[in-house]
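The values are calculated or read from the model by the stated rules, or taken from the named source; none is laboratory data. Here the structure is a predicted model, which means the values were calculated and not measured. Ideal geometry is used to build each Cβ from the backbone, glycine not excepted, and the neighbour counts take in all protein chains shown. We work out accessible area using only protein heavy atoms, side chains counted, and drop any ligands, DNA or RNA first. Shrake-Rupley method; radii C 1.70, N 1.55, O 1.52, S 1.80 Å.
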Amino acid sequence: MLEKEGQVRIPAGCAISGFISRDGNRICGDKIVKSISYMHDRSNGLGGGFAGYGIYPEYKDQYAFHIFYDSNEARVETERFLDKHFDVVNLSRIPTRKHPNITNEPLIWRYFVNPLPTKLTESQLDEREFVAQCVININDKINGSYVFSSGKNMGVFKAVGYPEDVGKFYRLEEYAGYAWTAHGRYPTNTPGWWGGAHPFALLDYTIVHNGEISSYDANRRYIEMYGYKCNLLTDTEVITYIIDFLNRKQKLCLEDIAKIIAAPFWSEIDSDKYSERERQKLKYFRNVFSSLLITGPFSIILGFDGGLMALNDRLKLRSMVAAEKGDMVYLASEECAIRAICPVVDRIWSPRGGEPIIVKLNEKK
Ligand SMILES: NC(=O)CC[C@H](N)C(=O)O
């Protein structure tokens, strides 16, 4: 018999966790796996993933493409495209180990690439735009090929499964990075497939998300006007492109981006909480970027080259805690995920809705 609401447990679902060493110390990937494993019950085995920053120092000047292929034909076609547009410095399968809970894996390859100078000049684009367009092109045009990571000196590792199993599958204990994020998925309204696991990434931007975006279609329609294509079938994907658009293309700082995607209510803007100058700015953002307001519950961690940002929807409909210990900053859906890897912290708090926590490396190493 169908269980009624109240008899069946429907958790807020999805777990996020992340940490950064502000001094740029590189931390072994097994730490983030341990952290996310403490929130096992928030996901249901239909997606787990990680993003690590600073993990490829030997190839830090190349873009690292991580690609899923459904077939060998998709690989051959994609490699033809890569050879045409990039100098491929190194390529290999991403090392994995067999795990009983991770099945039906696609072909998973990694390429360290530099744009070909002739192609870049010919395109009349700046380098990052050239790379972003190539990634969007592959994901949109080549059947069965998905570039799921495309930044420098960073990488996304994701799969269908529980995150602790995904971490073992990808041998994350063999990587070390100054910042890590993680996700355990409990899909809301889209399939649990490999491309749909979090983090979602474009260039060095990655997003892990707990929540459900009710503005997804409005956001998608707007962002696709600027050449992005939402074809990975999860609402979270659009957040990644919004951040890329506002930060890389519109050159807005992260503080202002938080004011756009988690904008205060009009009534709050009109209250005496803000100075006249700030009020004008908030009104401007709400009017100009009205289609980029993200509604519905969310707690997200954004990873980028040199830092992390955590943000809740303006009503704080999903949990999120933050903690500090020395140069370390920890962010997670639940306190247990922080205490598991750092039992004694200097400070622990819950950021308010719409209030970003932005942490950057003290001095970029
Ligand atoms: N439960 C969640 O937080 C789900 C996050 C996101 N909407 C997804 O489907 O992956």
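Just checking, which of Asp165, Asp140 is touching a Lys or Arg at 6+ places or on another chain (Cβ under 6 Å), at pLDDT 95 or above and not aliphatic (A, V, I, L, M)?
Within the list Asp165, Asp140, the selection yields Asp140.
For Ser299, work out the one condition from (1) open to solvent by 50 Å² or more (accessible area, probe 1.4 Å); (2) of a type in the set (Gly, Ala, Ser); (3) under 11 Å from Ala262 (Cβ atoms) it doesn't fulfil.
(1)
Being on the phi > 0 side of the Ramachandran plot and more than 11 Å from the ligand (Cβ to nearest atom) is the filter here, so list the residues in the range 186-240 that pass it.
Those that are on the phi > 0 side of the Ramachandran plot and more than 11 Å from the ligand (Cβ to nearest atom): Leu203, Gly227.
Can you find a residue that is among the aromatic types (Phe, Trp, Tyr), modelled with pLDDT of 95 or more, in a helix (DSSP H, G or I) and surrounded by 17 or more Cβ atoms within 10 Å (Cβ to Cβ) anywhere in the range 260-281?
Checked the range 260-281: no residue is among the aromatic types (Phe, Trp, Tyr), modelled with pLDDT of 95 or more, in a helix (DSSP H, G or I) and surrounded by 17 or more Cβ atoms within 10 Å (Cβ to Cβ).
If you check Ile20, Ile32, Ile36, which single one turns out to be within 16 Å of the ligand (Cβ to nearest atom), out of contact with any Cys (no Cβ under 6 Å at 6 or more places or on another chain), modelled with pLDDT of 95 or more and open to solvent by less than 30 Å² (accessible area, probe 1.4 Å)?
One residue alone meets the criteria, Ile36.
If you go through the range 42-88 one residue at a time, how many are surrounded by fewer than 20 Cβ atoms within 10 Å (Cβ to Cβ), assigned to a strand (DSSP E or B) and touching a helix residue (DSSP H, G or I) at 6+ places or on another chain (Cβ under 7 Å)?
The total comes to 1.
For residues that are open to solvent by less than 10 Å² (accessible area, probe 1.4 Å), under 21 Å from Ser37 (Cβ atoms) and in a strand (DSSP E or B), tally how many sit in the range 172-206.
8
Tell me which residues, restricted to the range 140-164, are in contact with a Gly (Cβ under 7 Å, 6 or more places away or on another chain), open to solvent by less than 30 Å² (accessible area, probe 1.4 Å) and outside any loop (DSSP other than H, G, I, E, B).
Phe148, Ser149, Met154, Gly155, Val156, Phe157, Lys158, Ala159, Pro163
Evaluate the range 241-251: report whether one residue or more is within 11 Å of the ligand (Cβ to nearest atom) and assigned to a loop (DSSP other than H, G, I, E, B).
No, because not a single residue in the range 241-251 is within 11 Å of the ligand (Cβ to nearest atom) and assigned to a loop (DSSP other than H, G, I, E, B).
Residue by residue, here is whether (1) more than 25 Å from Asn143 (Cβ to Cβ); (2) more than 15 Å from the chain's Cα centre (by Cα); (3) not polar (S, T, N, Q) holds:
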residue	(1), (2), (3)
Asn219	yes, yes, no
Glu224	no, yes, yes
Lys229	no, yes, yes
Thr240	no, no, no
Phe245	yes, no, yes
Gln250	yes, yes, no
Ala262	yes, yes, yes
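Report every pair of residues separated by at least 6 positions or lying on different chains whose Cβ atoms are under 8 Å apart, first residue within the range 84-113 and closer than 22 Å to Val160 by Cα, second of a type in the set (Asp, Glu) and not in a helix (DSSP H, G or I).
What qualifies is Thr96/Glu105; Pro106/Asp70; Leu107/Asp70.
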